[in-house]
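First comes the structure, then the notes that go with it.
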Amino acid sequence: MSKTAKYLVSALVIFLFIIIFGAIVGISSDAGHSTPGIFGLIVFAGLIGALRAIWKSKSSDNDDDSDKTALQK
């Protein structure tokens with residue numbers, strides 16, 4: 001994936017996080033709570049996981065022979 005696509009997808013994920021988290025905070029404040037609670041933590045963990053999955057790089061250029069699992073004596 002190109003860097004431009006990664007930036008665009010990351011911006012979309014962050015935008016969706018803000019929308020969903022705002023809805024969670026609004027619903028919880030209407031119910032009388034002052035914090036978003038466990039649902040807010042789940043959405044935040046999803047944001048971190050999504051960003052890590054987007055920016056995960058394949059380092060095939062740096063690993064010459066380190067991927068081989070054959071034992072050599």
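Annotations
- Residue that is farthest from the chain's Cα centre (by Cα), among those in segment 4-32 that are of a type in the set (Ser, Thr, Tyr) and open to solvent by 90 Å² or more (accessible area, probe 1.4 Å): Thr4
- Within segment 33-73, the residues that satisfy the criterion of being farther than 27 Å from Leu8 by Cα, at pLDDT 85 or above and open to solvent by 70 Å² or more (accessible area, probe 1.4 Å) are His33, Ser34, Thr35, Ile38.
The values are calculated or read from the model by the stated rules, or taken from the named source; none is laboratory data. No experiment lies behind these values; they were computed from the predicted model shown. Areas reflect the complete protein model, heavy atoms only, side chains present, ligands, DNA and RNA absent. Shrake-Rupley method; radii C 1.70, N 1.55, O 1.52, S 1.80 Å.
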